[in-house]
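Presented below is the structure to which this report refers.
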Amino acid sequence: MNDQALEARVRDLREQIDYHNYRYYVLDDPEIPDSEYDRLMRELQELEAAHPELITPDSPTQRVGAQPLKEFKEVRHAVPMLSLGNAFSDGEMADFDERVRKLLKVDQVEYSAEPKLDGLAISLRYEKGRLVQGATRGDGHRGEDVTSNVRTIGAIPLRLLGKGWPEILEVRGEIFMPKKGFEELNERVRRKGEKTFANPRNAAAGSLRQLDPKITASRPLSFYAYGWGELSVEKLGDSYSGVMEVIRSYGLPVSPELKVVSGLQGCLDYFAAMSEKRDSLDYEIDGVVFKVNDLEQQQRLGYVSRAPRWAIARKFPAQEALTTVRDVEFQVGRTGAVTPVARLAPVEVGGVVVSNATLHNMDEVRRKDVHIGDTVYVRRAGDVIPEIVRVLPERRPRDAREVVLPKHCPVCGSDIIKPEGEAVARCTGGLFCPAQRKEAIKHFASRRAMDIEGLGDKLVEQLVDQGLVHDPADLYSLSKEQLMALERMGEKSAQNLLDALARSKETTLARFLYALGIREVGEATSQILAQHFGTLEALEQADEEALQQVPDIGPVVAAHIAAFFRQPHNREVIDKLLAAGIHWPRVEAPAAEEQPLAGKTFVLTGTLSRPRNEIKAELQALGAKVTGSVSKKTDYVVAGEAAGSKLAKAEALGITVLDEEQLNNLLANIQ
């Protein structure tokens, strides 16, 4: 490739990447998959590495690479970055609208409306279409130069799209961290044993003010524009919404929620709609900003003090508040999860009085260093259960008490276990514990377990709520009269259920084990256990070491099984079930050569509807070998969605490829 062709290819790659960034960040409508975008970027990186003389500051490859700074330089804003007045009620919004109408001498005003992002205000300066400076708001007149960090944010174009942009354009907006990115960042930080961020705003601010741009580049930051500062032209349009559309056409993201509304009622309706939508957005907002849409009217209204007369922020009620932890209790969920719950001194958060907050699990209690008696920040977001986000250890009283995980379930007295490597502690009284009763019975009766036809969720809830059933064994002592007394249960329905219960007594050991609802013991694992031990008695007596000798039973699952059978309550229920007449034929483990898939090798690839380990265990129980790579010795490749190189290799080698439906048909025909 000659020099001219090389320069043209580099230029073309940059234009393609800039265009696809615009589709992704601004339009939220990507045209190509990530893999194709990555291919374009890799080609550009390789060309620039081979020809460094072609690298320009606005190349998409230059988002990361600046040297760490010793400190941020001061930037003076050519046009001040002003704050907004706030309204905390509909009445204050009405006062704002009335002032605006009186000053303009009009009956109704058109407003632009958009969410008030909870991030960090930024000013982006473009000269001749190229990003030359990024500055924080600071005190509104002077900010900090964070250009190197701003350049790492993919949503901010290093050069403007299109043509006709002003020679100087300062775009104002908000840098924020999406909720999903915030959760992933905190998880990474937590795994390293470092302090997590309290909320997305703090995470965004801390990320942008890193002296090393490479750290900023590793953080999931984004950006929306919401205004402008210095312009080298008189104006970009006649309305705020019109100018924002122009800025959007230059490749800068603008809130997709931006809307023009009429009068006070339009503002109130928009605020109500955003209040409902707030929790479904992928970013934090703390209110709505309303601006007079007509720019000539904005100019007539002018400014007062440090805020414009033509704009206001209608704030949501505060979502965080300070209170104290009075006690910590432990609740048992329907799956046996034991969750610490803080009992708080009542405090108003987000317009609701809060007196309880989840602590998630004991790892979170330790990480946040929560003690009974602590002063804490509690956060509430919409209908989400309030949680403690931060402790103030400097306010800890001398008599503060450490939170200790109980050894026994507060509901049924069974042992509580917290397997190594897992965050959640659990009650082991699965068949007996009242907190888990309904779910245990629903699972026991399900089609792939005991297959009790007619015993649906609503009927189970009636039986438990009326005290007729306390554990699965009680199902087999129900009378027709008891059933007929239930809502929507006639004589025929009652008899049908009794007949179904009678039929269910004849089952298999594998189905019975699955019906017990032992944690992480699914259908395939139940089948393996039944084949390996042959009898329930042998399985009950097996310790963890013996259980780990079973194919595909690791230490975690072995611990769950052993803990389940150690509980006297669970053994009592099992004895009652056997006494009720549940039985099965003795299981004889087939010889390897008798197993239907003996000698066959499978490879699983792509996204499947069931966990791969479950499918793997089911195949192995039938004698198959499951490997991680495709070779000439592979008999079948099971391909789910987005299957990649393994599928391609299988096709190239002529190996039989099955989709999930074909696999299920194969298994159904041989079992």
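Taking a Cβ cut-off of under 15 Å around Thr323, the surrounding Lys, Arg, Asp and Glu residues balance to a net charge of +3, with basic ones at +1 and acidic ones at -1. For the residue pairs Lys418/Lys505; Lys418/Lys458; Lys116/Lys291, the C-alpha atoms sit more than 22 angstrom apart in Lys418/Lys505; Lys418/Lys458. Treating r as the C-beta distance of Asp543 and Glu422 and R0 as 25 Å, the FRET efficiency rounds to 0.80.
Shown in residue order for region 126-139 are the 3J(HN,Hα) couplings computed by the Karplus curve 6.51 cos²θ - 1.76 cosθ + 1.60 at θ = phi - 60°: 10, 10, 6, x, 10, 5, 10, 7, x, 9, 6, 5, x, 8 Hz (x for Gly and Pro). Value of Rg to Rh for region 91-175, rounded to two decimals, is 1.12; Kirkwood radius and Rg both from alpha-carbon coordinates.
Might you tell me the accessible area per residue for region 169-311, computed with a 1.4 Å probe and given in Å²?
Per-residue value: 45 Å².
Let me check I've understood the local charge: for Ala652, count other residues with C-beta under 12 angstrom from its C-beta, Lys and Arg +1, Asp and Glu -1. What total comes out? Within the 12 Å Cβ shell, the charges total +2. If you take the square roots of the eigenvalues of the alpha-carbon gyration tensor of region 445-527 and sort them as a ≥ b ≥ c, do you get rounded (a/c under 1.5), prolate (a/b over b/c) or oblate? Judged from the Cα gyration tensor, region 445-527 comes out prolate (a/c at least 1.5, a/b above b/c). In the context of the full set of protein chains, residues of region 471-524 present 48 Å² of accessible surface per residue (probe radius 1.4 Å, heavy atoms only). Projecting label points 7 angstrom from Cα along Cα→Cβ for Arg488 and Leu6 puts them 7.6 nm apart. In straight-distance terms, cross-link reach from Lys214 covers every one of the lysines whose alpha-carbon lies under 23 Å from its own, apart from those fewer than eight places away in the same chain; here that gives Lys70, Lys73, Lys179, Lys180, Lys192, Lys195.
Of all aspartates and glutamates in the structure, those lying under 13 Å Cα to Cα from Lys235, and not within fewer than 8 positions of it along the same chain, are Glu167, Glu170, Asp294, Glu296.
Split the accessible area of region 459-560 by element, probe 1.4 Å, and carbon with sulfur accounts for 43%.
Convex hull volume of the C-alpha atoms in the chain, normalised per residue: 226 Å³. With the convex hull drawn around the C-alpha atoms of region 169-215, the volume per residue stands at 96 Å³.
Left without a cysteine partner by the 4.7 Å Cβ rule in the chain: Cys267. Of all lysines in the structure, those lying under 26 Å Cα to Cα from Lys600, and not within fewer than 8 positions of it along the same chain, are Lys616, Lys625, Lys632, Lys633, Lys646, Lys649.
Taking max minus min of the alpha-carbon positions on each principal axis, region 122-219 gives extents of 49, 30, 22 Å, largest first.
P(r) for region 427-474, from all Cα pairs and a bin width of 5 Å, is 4, 25, 34, 25, 10, 1 %, short bins first.
The values are calculated or read from the model by the stated rules, or taken from the named source; none is laboratory data. All of these numbers come straight from a predicted model, not from anything done at the bench. Methodologically, a virtual Cβ is constructed for each residue, glycine included, from the backbone with ideal geometry; neighbour enumeration extends over all protein chains shown. Accessible surface is based on the protein model in full, side chains and every heavy atom, while ligands, DNA and RNA are left aside. Shrake-Rupley method; radii C 1.70, N 1.55, O 1.52, S 1.80 Å.
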